[in-house]
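The values are calculated or read from the model by the stated rules, or taken from the named source; none is laboratory data. Given the structure is predicted, the values throughout are model-derived calculations rather than measurements. Counting neighbours? That spans all protein chains shown, and the Cβs are built from the backbone with ideal geometry, glycine included.
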Amino acid sequence: MGADSVRIVAGGQLTMSDAEWEQTRVRSAVIGPLAARTVTGIAAADRAAVELGVSRRQIYVLVGRYRKGSGLVTDLAAHHSTGGKGGNRLPEPVDEIIRDLIRRRFLTRQKRSVAVLHREIARACVTRGYKVPSRNAVVRRISMLNPVEVGRRRQGADAVRPLQSAGGEVPVISSILEQVQIDHTVIDVNIVDERERRPIGRPYLTVAIDVYSRTLVGMVVTLEPPSAVSVGLCLAHAAADKRPRLERLGVEAEWPMSGIPKSLFLDNAAEFKSEALRRGSEQHGIRLTYRPKGQPHYGGIVERVIGTMMNQIHELPGTTFSNPAERGTYDSEKMAALTLPELERWLALAVASYHGTMHSTLGQTPAGQWAAGVAATGQPSLTPNQTAFLVDFLPVFRRTLRRTGFVIDHVHYFANLLKPWIARRESMGQFIIRRDPRDISRVWVLEPEGHQYVEVPYRSISNPVVSVWEHRQALARLRERGAAQMDEAALFRMIEQMREVSETAEKTTKRVRREAERRKQAGDAYPAKCVLTVPAPPEAPTDPDPSEVPVQPFEQIEEW
């Protein structure tokens with residue numbers, strides 16, 4: 001029977017060519033045993049998907065059709081597309097060639113590239129007189145396959161462990177921001193301070209990776225060890241438009257990957273179990289999931305991207321490399337040359353380059369995968385107020401309101417808007433307060449009604465802006481000197497003395513230079529900061545003075 005002959009099946013209701021009949025027969029051989037099971041597991045569906053060259057979802061569709069049908073081979077015959085929007089758009093014989101060569105030539109340990117595969121498909125189509133499909137058409141069909149099965153066939157079982165979930169199967173991630181992984185690392189490079197350009201050590205990197213597209217949706221570089229604040233800063237960067245930040249860094253690059261994640265996949269570090277992260281995630285509808293303890297390969301997608309970035313970092317002056325053996329006699333501190341902002345600029349450019357590089361698992365660039373995700377689900381929602389979003393992820397305190405305001409770690413905070421609450425404080429209980437450790441000169445207090453936060457500054461406007469780390473050092477110094485009772489005035493006098501010593505020293509230490517850079521980084525944290533003139537409160541509460549500058553509340557912060 002020739003290639004153009006047809007086969008009449010099921011009483012003449014369906015006509016198929018030999019190629020279509022063979023495809024349907026193979027489908028039946030694979031789908032039949034699955035349909036006979038009570039439950040079709042993900043692992044079995046994925047194996048069948050690779051065998052037939054279709055997606056997991058299509059396997060379940062075929063299983064359903066087989067169960068509803070009469071048990072005939074023709075129950076699984078392909079439904080011909082009209083070629084409209086969202087349709088297959090390729091003739092069935094061409095699609096069969098693509099599926100066959102993906103299975104026989106691409107899914108092998110030889111790990112042929114997409115370019116080589118496309119050339120083989122083109123030769124097969126030309127030989128049979130068919131129009132050659134585009135490379136994008138081939139890439140789309142590869143991207144529909146389960147990445148675990150693709151990786152297992154091309155690289156072996158060990159290579160796909162980072163992609164697997166607690167149940168041993170890849171999580172079903174079908175859209176952008178459906179799952180975002182966050183992790184930290186110390187960067188393999190020494191940086192210098194902006195004033196003296198002398199070494200201040202290695203900074204820390206926190207990144208958020210969108211699993212669907214493998215794009216970096218959030219990144220923050222800090223001089224503090226990983227903490228709940230690092231996570232909050234990274235999430236705030238992920239959820240906001242990145243163009244203003246790129247402009248401040250002086251970077252001309254595209255980084256459109258932004259949006260509020262639907263879920264976070266995290267390890268079991270303390271900063272990922274904090275009340276700040278839990279409450280902030282609940283506030284914004286972000287689901288938290290954690291990798292199983294004792295199984296560090298879960299969640300390896302973010303770790304793999306971090307590893308790729310560190311390999312590129314090793315090209316920079318001042319790199320520490322991955323280990324002493326690799327570093328050899330290279331003097332990392334002596335060769336250090338980049339400041340923190342310069343390193344941030346370099347990282348932003350490296351991210352843009354990574355987004356445009358072909359990804360072996362995706363079969364296309366991360367930027368292309370993100371664009372496809374946006375086309376499928378629409379633009380993700382962004383936070384209109386990055387500062388307000390960040391406040392939702394800052395560390396939480398609970399304090400009772402006093403006649404003189406709030407006291408946190410021996411520091412007093414007051415604003416005139418507190419006066420109406422002070423008058424009825426006995427019946428109000430404790431307030432929920434948020435504080436940024438990088439700048440403790442103000443706190444954010446949740447209103448009694450719970451609808452929004454208000455900013456409350458130092459009670460004494462003469463106190464300098466300090467970080468919580470500098471504050472703790474001053475407290476420790478006072479205790480060393482035998483201070484029996486802590487006093488706010490003594491605390492800030494100690495901070496001023498410590499700063500004078502560091503600023504007048506002929507040769508500052510690396511630690512002091514690092515602390516100075518911390519203060520500068522904290523000062524840049526809130527570019528739109530409003531400096532308020534708030535006098536010390538009177539002995540008894542009075543009505544607010546309308547002539548004074550009001551403290552502006554954040555807008556549209558809902559109650560937990």
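Laid out as a table, the results:
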| quantity | calculated |
| --- | --- |
| Search result, residues across region 124-168 that are β-branched (Val, Ile, Thr), closer than 13 Å to ILE102 by Cα and modelled with pLDDT of 80 or more | VAL138, VAL139, ILE142 |
| Test result for GLY368, of a type in the set (Gly, Ala, Ser), surrounded by fewer than 18 Cβ atoms within 10 Å (Cβ to Cβ) and modelled with pLDDT of 90 or more | no |
| Complete set of residues in region 320-336 that are closer than 19 Å to GLY201 by Cβ, modelled with pLDDT of 75 or more, out of contact with any Phe, Trp or Tyr (no Cβ under 8 Å at 6 or more places or on another chain) and not in a helix (DSSP H, G or I) | THR320, ASP331, ALA336 |
| Residue check for GLU344: more than 20 Å from VAL220 (Cα to Cα) and not hydroxyl-bearing (Ser, Thr, Tyr) | no |
| Count of residues meeting criterion [closer than 30 Å to ARG518 by Cβ and either touching a helix residue (DSSP H, G or I) at 6+ places or on another chain (Cβ under 6 Å) or surrounded by fewer than 20 Cβ atoms within 10 Å (Cβ to Cβ) (or both)] in region 412-440 | 7 |
| Some residue of region 304-314 being touching a Pro at 6+ places or on another chain (Cβ under 7 Å) and at pLDDT below 75 | yes |
| Pair list, Cβ under 8 Å, 6 or more apart: region 369-388 residue farther than 13 Å from ALA240 by Cα, other residue of a type in the set (Asp, Glu) and outside any helix (DSSP H, G or I) | TRP370/ASP210 |
| Test result for GLY285, more than 10 Å from the chain's Cα centre (by Cα), surrounded by 16 or more Cβ atoms within 10 Å (Cβ to Cβ) and among the small types (Gly, Ala, Ser) | no |
| Enumeration of residues in region 120-151 that are β-branched (Val, Ile, Thr), surrounded by 15 or more Cβ atoms within 10 Å (Cβ to Cβ) and in a helix (DSSP H, G or I) | ILE121, VAL138, VAL139, ILE142, VAL148, VAL150 |
